[in-house]
Amino acid sequence: MVSPAAGFAGLPGAVAVSHLSVYDWEAADGLCGGTPHLHLTCSEAYVVTAGRGAVQTLGAESSDTTPLEPGAVVWFTPGTIHRLVNEDGLRIVVLMQNNGLPEAGDAVLTLPPDYLTDPETYARAVRIPDASEAEQSAAARRRRDLAIEGFLTLRTAWESGDRQPLLDFHRAAAALVRPKVAHWRARWEAGAAEAARQTGVQLDRLAAGDASHLAASRVHARRPAARGKFGMCGRLDTYDILGAPDDVTDGGSGGGSGAGGSDDGPDDGPAGRIGGP
């Protein structure tokens with residue numbers, strides 16, 4: 001954390017950024033792509049840079065499919081279940097709200113209900129092992145297929161007029177992450193909330209005729225700190241960004257769906273490493 005005079009050291013607004021190459025693995029319904037999931041406190045945005053595909057979304061009020069092609073910008077709010085579909089080499093820049101929260105587990109995959117009963121059961125189903133690339137790939141694909149199974153069940157029920165399974169999933173997701181909420185708050189205070197506070201201090205200074213903070217301007221640059229990580233939706237290139245609340249430790253493996261990682265280094269889910277977007 002830096003003084004308000006120097007400005008927040010993270011990306012603007014404390015967002016996270018990553019480069020995502022969406023999985024081209026075929027699923028049971030014949031579509032290729034990533035793992036359906038939702039975030040509980042973070043909005044997410046896609047800036048499509050190459051290829052072609054779509055994002056399937058499901059919320060309490062809508063079930064949609066949004067085409068993705070270069071130049072498209074799509075974003076959605078917490079609670080939106082999203083599944084990326086890769087039709088031809090889909091590549092995306094992912095922007096995540098609240099850098100630090102996705103890395104700390106703000107994501108729950110749409111696994112069938114039997115896997116959502118408690119954090120330990122969920123963690124065993126979603127964890128990516130510290131193993132060979134082939135073993136990591138197999139684990140990522142297994143959890144993707146489980147999440148698609150759950151997602152298709154939720155969407156079919158919603159389209160038939162039954163929202164209860166989706167609302168049940170929302171409650172199960174909230175219960176899974178509840179033990180982490182206090183830690184998430186500490187990360188948010190050190191990240192996005194701090195960025196906003198610093199803007200408030202600068203506005204106060206300008207209102208008082210004080211422009212001294214402009215003399216403390218800085219330029220930051222980074223290249224990816226990790227490339228090709230197995231995320232929820234594809235392979236990720238992630239960044240270590242100053243201003244992310246790295247000093248707020250979690251006890252899990254960090255990085256993930258945000259940038260630290262996103263969606264974003266590997267994500268530390270409600271219990272265990274699950275990977276970013």
Relative compactness, region 1-117, computed as alpha-carbon Rg over 2.2 N^0.38 Å:
1.16
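For region 126-230, what is the convex hull volume of the alpha-carbon atoms per residue, in Å³?
Details: hull volume 20.9 nm³, N = 105.
Spelled out: Cα convex hull of region 126-230, divided by residues, is 199 Å³.
Hey, what number do you get for the chain at 222 nm if only DSSP H runs of n ≥ 4 count, each worth -39500 (n - 2.57), divided across all residues, to the nearest 500? Numbers along the way, then the final one.
Working: 5 runs with 75 residues, N = 277.
My calculation for the chain gives -9000 deg cm²/dmol from helical runs alone.
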Residue-by-residue Karplus 3J(HN,Hα) for region 80-95, coefficients 6.51, -1.76, 1.60, Hz, glycine and proline x
7, 6, 9, 9, 7, 10, 9, 9, 6, x, 6, 10, 9, 8, 9, 10
Per q in 0.14, 0.33 1/Å, what log10 I(q)/I(0) does a Debye calculation on the alpha-carbon atoms of region 94-140 return?
-0.47, -1.08
Could you order Val15, Val181 so the one with the most accessible surface comes first? Probe is 1.4 Å.
Val181, Val15
Amide H to amide H under 5 Å from Leu90: which residues, 5+ apart in sequence or cross-chain, H placed 1.01 Å off N in plane?
Val22, Arg52
What are the ³J(HN,Hα) values, in whole Hz, obtained from phi via the Karplus relation 6.51 cos²θ - 1.76 cosθ + 1.60 with θ = phi - 60°, for each residue of region 125-141 in sequence order, with x given for Gly and Pro?
7, 10, 5, 9, x, 7, 8, 5, 4, 4, 5, 5, 4, 5, 5, 5, 6
Portion, in percent, of the accessible area of region 100-221 that falls on carbon or sulfur, probe 1.4 Å
54 percent
Note down the Stokes-Einstein diffusion coefficient of the chain in µm²/s, whole number, using a Kirkwood radius over alpha carbon pairs, 4 °C, and 1.567 mPa s.
69 µm²/s
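How much net charge surrounds Gln56 when only other residues with a Cβ under 9 Å from its Cβ are counted (Lys, Arg +1; Asp, Glu -1)? List each step's numbers first, then the result.
Details: positive: Arg83, Arg155; negative: Asp64.
Counting the neighbours of Gln56, the net charge comes to +1.
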Using the per-residue mean of other Cβ atoms lying within 10 Å as a proxy for protection, in what order, highest first, do the peptides 33-44, 160-171, 70-81, 115-126 fall?
33-44, 115-126, 70-81, 160-171
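Taking square-rooted eigenvalues a ≥ b ≥ c of the alpha carbon gyration tensor, is region 175-238 rounded, prolate or oblate, where a/c under 1.5 means rounded and, failing that, a/b exceeding b/c means prolate? Please report the intermediate quantities before stating the final value.
Details: a/c = 4.64, a/b = 1.56, b/c = 2.98.
Oblate.
The values are calculated or read from the model by the stated rules, or taken from the named source; none is laboratory data. From a predicted model like this one, the values you see are computed outputs, not experimental measurements. Backbone-built Cβ (ideal geometry, glycine too); neighbour counts: all protein chains shown. For the accessible areas, the whole protein counts, side chains as well, though only heavy atoms, and no ligand, DNA or RNA atoms are used. Shrake-Rupley method; radii C 1.70, N 1.55, O 1.52, S 1.80 Å.
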